[in-house]
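Please read the structure below before turning to the comments.
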Amino acid sequence: MTETITQIQDDIIKEFSDLQDWFDKYEYLIKLGKSLESTDESIRMEDYSIGGCQSQVWMKAEQKNNIVHYQIDSDSIIVKGMISLLLRVLNDQRPADIMSTNLYFIEKIGLRSHLSPTRSNGLVSIINQIKEYAKDFEIYIR
C-alpha cells in the first residue's frame with residue numbers, strides 16, 4: 001500500500017524530531033541533497049528555470065495516467081535537500097492532491113524559520129511552481 005501525502009509528511013516530521021539541533025538538521029538536508037537522484041541534464045536550461053530563487057533551480061513536470069512526475073534540480077546542495085523533501089511528498093501524486101496539499105511539515109520541522117529570507121522565498125517559488133504544474137495538468141485532464 002502506498003503511503004499518503006499525510007503519512008509521508010508525518011514521517012519527515014519524525015525524522016527531523018530525532019535530530020538534536022539545527023546543525024544536525026542542516027547536515028541531514030545536505031545528505032538528502034547529495035542523495036537526490038540525478039536529473040536529465042536537458043532540464044538545466046532557461047525554459048525550466050524557476051525565478052525567485054537565490055540559487056539556480058530548474059523544474060520539469062510530466063503527467064501520465066493522472067499522476068504528475070517532477071524532475072527538479074539545483075546548483076545548491078541545501079536547496080537540493082529541500083527539493084528532496086518536496087519530491088518525497090508531492091512527486092508521483094494526482095494533480096488534485098498536489099494542489100490541495102497543505103505542506104505542514106515545513107513549519108513542523110522548523111525549516112521555514114531557519115532559512116534566510118531569500119532561501120525562504122526560493123522555497124515558496126518552488127512550491128508555487130510545483131502546484132502550478134499540477135493545476136495545469138488538472139485542467140488538461142478535465
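The values are calculated or read from the model by the stated rules, or taken from the named source; none is laboratory data. Everything quoted here is computed from the prediction, not taken from an experiment. Cβ coordinates were reconstructed from backbone atoms using ideal geometry, including for glycine residues, and neighbour counts include every protein chain displayed.
Quick notes on this one:
- Applying the set (1) at pLDDT below 95; (2) within 25 Å of residue 2 (Cα to Cα); (3) outside any helix (DSSP H, G or I); (4) not hydroxyl-bearing (Ser, Thr, Tyr) to residue 136 leaves exactly one unmet item: (3).
- Of the residues making up the range 24-63, those that are part of a loop (DSSP other than H, G, I, E, B) and either farther than 28 Å from residue 139 by Cα or touching a helix residue (DSSP H, G or I) at 6+ places or on another chain (Cβ under 7 Å) (or both) are 36, 37, 38, 50, 51, 52, 53, 54, 55, 56.
- Subset of the range 105-125 [in a helix (DSSP H, G or I) and free of Cβ contacts under 8 Å to residues at least 12 places away in the same chain]: 107, 112, 113, 117, 120
- Sole residue being within 21 Å of residue 12 (Cα to Cα) and either modelled with pLDDT under 90 or not in a helix (DSSP H, G or I) (or both), chosen from 72, 83: 72
- Within the range 102-140, the set of residues being among the β-branched types (Val, Ile, Thr) and in contact with a strand residue (DSSP E or B) (Cβ under 8 Å, 6 or more places away or on another chain) comprises 126, 130.
- For the range 113-142, a residue qualifies if it is surrounded by 14 or more Cβ atoms within 10 Å (Cβ to Cβ) and either touching a Phe, Trp or Tyr at 6+ places or on another chain (Cβ under 6 Å) or under 22 Å from residue 21 (Cα atoms) (or both), and the qualifying residues are 115, 119, 120, 123.
- Taking the conditions (1) on the phi > 0 side of the Ramachandran plot; (2) within 13 Å of the chain's Cα centre (by Cα) in turn, residue 131 satisfies each one other than (1).
- Candidate set from the range 47-59 (those that are surrounded by fewer than 18 Cβ atoms within 10 Å (Cβ to Cβ) and modelled with pLDDT of 90 or more); member that is nearest to residue 97 (Cα to Cα): 49
- Residue within the range 89-96 that is closer than 15 Å to residue 123 by Cβ and either surrounded by 15 or more Cβ atoms within 10 Å (Cβ to Cβ) or modelled with pLDDT of 95 or more (or both) present: yes
- Residue that is farthest from residue 6 (Cα to Cα), among those in the range 89-104 that are polar (S, T, N, Q) and assigned to a loop (DSSP other than H, G, I, E, B): 91
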